[in-house]
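Please treat every number below as a calculation from the coordinates, not as lab data. Here the structure is a predicted model, which means the values were calculated and not measured. Methodologically, a virtual Cβ is constructed for each residue, glycine included, from the backbone with ideal geometry; neighbour enumeration extends over all protein chains shown.
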Amino acid sequence: MSDIVRFGVSLPRELVETFDKHIDLKGYTSRSEAIRDIMRAYLVEQKWETGEGQVMGTVTIVYDHHTRELSRVLSDIQHHNHDAIVCTTHVHLDEHNCLEVIVIRGTAKQVQHIADSLISIRGVIHGKLVCTTGGTL
Ligand code: NI
């Protein structure tokens with residue numbers, strides 16, 4: 001038996017035409033591929049919402065390393081959560097500013113909590129968590 005399932009879906013013509021226009025702009029070569037990506041994105045979202053199983057998150061932060069105590073607090077949080085922190089990449093943007101990408105593994109609640117504590121450090125100019133799956137959906 002094939003691992004691919006084909007199914008028919010009834011949709012309003014206008015919705016399909018608008019959808020096709022948008023996915024074409026994004027570079028999709030087939031409607032199926034776009035729908036697969038949307039289904040996976042939905043399942044990742046559900047995994048984060050239900051809080052079941054392991055997820056991965058990447059936190060990107062930009063900060064001025066001269067801000068008092070910031071580097072120490074940033075390091076303390078990462079050491080305190082060493083089991084969940086997979087790796088960190090640091091980029092010196094200019095004389096003052098640094099960009100850091102921190103990869104975190106854990107439950108959704110754990111990853112969100114660590115991300116919040118990093119992004120809310122005084123002096124962090126911009127921070128964002130990208131939520132993804134820990135593997136196969
Ligand atoms: Ni730096």
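Rundown of residues vs (1) more than 27 Å from residue 132 (Cα to Cα); (2) part of a helix (DSSP H, G or I), yes/no style:
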site	(1), (2)
3	no, no
10	yes, no
17	yes, yes
22	no, yes
25	no, yes
34	no, yes
37	no, yes
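Within segment 92-114, residues that are closer than 13 Å to residue 127 by Cα reach partners that are exposed (fewer than 15 other Cβ atoms within 10 Å of the Cβ) and among the hydrophobic types (A, V, I, L, M, F, W, C) with beta carbons closer than 7 Å, at six or more positions or on different chains, in the pairs 98/91; 99/91; 99/93. Quick one: in segment 64-117, of everything that is assigned to a helix (DSSP H, G or I) and acidic (Asp, Glu), which residue is nearest to the ligand (Cβ to nearest atom)? The extreme case among them is 76.
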